[in-house]
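Encoded as structure tokens, the structure appears first; notes follow it.
None of the figures in this text is laboratory data; all of them are computed from the coordinates on show. From a predicted model like this one, the values you see are computed outputs, not experimental measurements. FYI the Cβ positions are ideal-geometry reconstructions off the backbone, even for glycines, and counts take in every protein chain you see.
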Amino acid sequence: MMSVTESHSCANGNRPIEEAMRDVDQMVPLARQAGVEVEGGLACVFGCPFEGKVPLRQLDAVLTRYMAAGIRAFNLGDTIGVANPRQVYDVCAHLLDTHPDVQWTLHLHNTRGMALANVVAAMQAGLTRFDGAAGGMGGCPYAPGATGNVATEDLVHMLHEMGVDTGIDLEALLAVARRLQEIIPHRLESAMLRAGMRCAVPPPAGQEKIG
């Protein structure tokens, strides 16, 4: 994982970007020798708690340095949950256009309730891979009032309602989230845990199904 701003890199990883990159240069060959595929994480892609909105040129600079290590799969993190759909679309479209041979995954936090809308925007740009966390767990110590990652069950439910086949058993996923809620000593940020599966709408009076 690499922060795309110097301030967050120093606060979160205790080292500037270039020093962290030198560690990446050493780790990638070791991982590949062990048969481990490497994915590069990019934190604070859409905003930094210390530097605000991140210019695309800054993201491109860190990405270029990352790719010099031979990595071709990246995770784009909205680490503090400040992204909006227009921004997500623009960033994702830019990256898909400039690096069509790279595998992209979007990692969203739902701090301000826009994670699902951001998923739709990213899909419109062409992304197909998204991170989530059962029950909406997770967070960032540098995000005031932060909630966790987008709840996987909320994401899967939305996609299924949109007719997108995820291959995921939503009822089984909900069972996992319910079990987590029994263990975690605070309310989980999951709409599906609160509302459950969508109920079937009964037919109008006089049109009850017969047989």
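For a distance above 27 Å, tell me the whole-number percent of Cα pairs in region 52-211 that qualify. Percent of Cα pairs beyond 27 Å in region 52-211: 34. Packing order of peptides 24-30, 101-107, highest average first: 101-107, 24-30 (average count of other Cβ atoms within 10 Å over each peptide's residues).
Within the chain, the selection of entire DSSP H helices by a Cα span of 18 Å or greater along the long axis and an average Kyte-Doolittle value of at least -0.5 returns 17-33, 85-98, 170-183.
Counting only Cβ charges, +1 for Lys and Arg and -1 for Asp and Glu, the dipole size of region 2-195 around its Cα centre is about 320 debye.
In terms of packing, defined here as the mean over residues of other Cβ atoms within 10 angstrom, the peptides 174-183, 112-121 line up highest first as 112-121, 174-183. Largest mean-square fluctuation among Arg187, Arg86, Arg32, in a Gaussian network model of the chain whose springs join Cα atoms under 10 Å apart, belongs to Arg32.
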